[in-house]
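What follows is one structure encoded as structure tokens, with my remarks underneath.
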Amino acid sequence: MSNNLVIVKARSLTKVGSTVPYLTQDEISLICQKAQEGRNGDRNGLLILTLFQTGLRISEALSLTPGNITSYNGIPVVYVKKGKGGKDRKVSLPEPLFHRLKSFAFDKKLEVKDRMFDIGRKMAWLIVKAATKKAGISKNTYPHLLRHSDAIFRLKANGNPKALQHHLGHSTLFMTMRYLSTLQEEESLKIESKVRFDE
């Protein structure tokens, strides 16, 4: 085994035991609400909701077109074209968000290959930061944190790391297991906090 491979495996194993920060669904709802206020509020709120409910990377979300929003075997999905590592994948899309994206594209008269969110990464970052500040949330918030939050929410709901790996487009399960480690740490703290000692 080469030294480089050993280093890669060691780093991957370290990530398995690491935890990730995330936002609660209530926090994200409040951020979305604040993002919808003011100029381009419909776009800004929809971008934040899309990042959370799909777990897309910011580059994937900003590349999204009306033609990528479709269905597969009756299930609403986003087709991610050439995601990280140049891979294509299908991402489950909640039905209400599916209709909101379709309505947004219709209202804005977007063509099939037009970008849904015609902004750059820096602007997306500023949108998330500004909405978080307006919401009075002190956490350090950025677009990728919404991806973490989606992963935690989905893992709590279905408990299936393998399905989450495919959803997020991780090449190995090592990266995905960080979310399980986060939930396990939280659960362990809750359990241990109930232990009472005699004074």
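The values are calculated or read from the model by the stated rules, or taken from the named source; none is laboratory data. Since the model is a prediction, treat every value here as computed from it, not as a measurement. Quick reminder, even Gly has a Cβ in these numbers, built from the backbone with ideal geometry, and neighbours come from all protein chains shown.
Applying the set (1) in contact with a helix residue (DSSP H, G or I) (Cβ under 8 Å, 6 or more places away or on another chain); (2) free of Cβ contacts under 8 Å to residues at least 60 places away in the same chain; (3) within 17 Å of Ile58 (Cα to Cα) to Asp88 leaves exactly one unmet item: (1). Would you confirm, using the coordinates I've provided, whether Lys102 is farther than 20 Å from Gly41 by Cβ, exposed (fewer than 15 other Cβ atoms within 10 Å of the Cβ) and in contact (Cβ under 8 Å) with a residue 12 or more places away in the chain? Against the criterion (farther than 20 Å from Gly41 by Cβ, exposed (fewer than 15 other Cβ atoms within 10 Å of the Cβ) and in contact (Cβ under 8 Å) with a residue 12 or more places away in the chain), Lys102 does not qualify.
Within region 82-100, the set of residues being touching a Leu at 6+ places or on another chain (Cβ under 7 Å) and not β-branched (Val, Ile, Thr) comprises Leu97, Arg100.
When Asp118 is tested against (1) among the acidic types (Asp, Glu); (2) touching a residue at least 12 places away in the same chain (Cβ under 8 Å); (3) not in a helix (DSSP H, G or I), just one condition goes unmet, and that condition is (2). Assess whether Thr132 counts as being in a loop (DSSP other than H, G, I, E, B), of a type in the set (Ser, Thr, Tyr) and touching a helix residue (DSSP H, G or I) at 6+ places or on another chain (Cβ under 6 Å). Spelling it out, it is not the case that Thr132 is in a loop (DSSP other than H, G, I, E, B), of a type in the set (Ser, Thr, Tyr) and touching a helix residue (DSSP H, G or I) at 6+ places or on another chain (Cβ under 6 Å).
Any chance region 147-155 includes a residue that's polar (S, T, N, Q), closer than 21 Å to Lys84 by Cβ and at pLDDT 90 or above? Yes: one or more hits.
So is Lys108 closer than 19 Å to His148 by Cα, out of contact with any helix residue (DSSP H, G or I) (no Cβ under 7 Å at 6 or more places or on another chain) and either of a type in the set (D, E, K, R) or touching a residue at least 40 places away in the same chain (Cβ under 8 Å) (or both) or not? So Lys108 does not fit the description; no.
Checked against the criterion of being under 17 Å from the mean Cα position of the chain (by Cα), surrounded by 14 or more Cβ atoms within 10 Å (Cβ to Cβ) and within 20 Å of Ile48 (Cα to Cα), region 171-191 has no qualifying residue. Residues in region 167-192 that are closer than 24 Å to Val78 by Cβ, in a helix (DSSP H, G or I) and β-branched (Val, Ile, Thr): Thr176 alone.
Picking from residues in region 133-146 that are polar (S, T, N, Q) and under 16 Å from the mean Cα position of the chain (by Cα), the one that is nearest to Gly41 (Cα to Cα) is Thr141.
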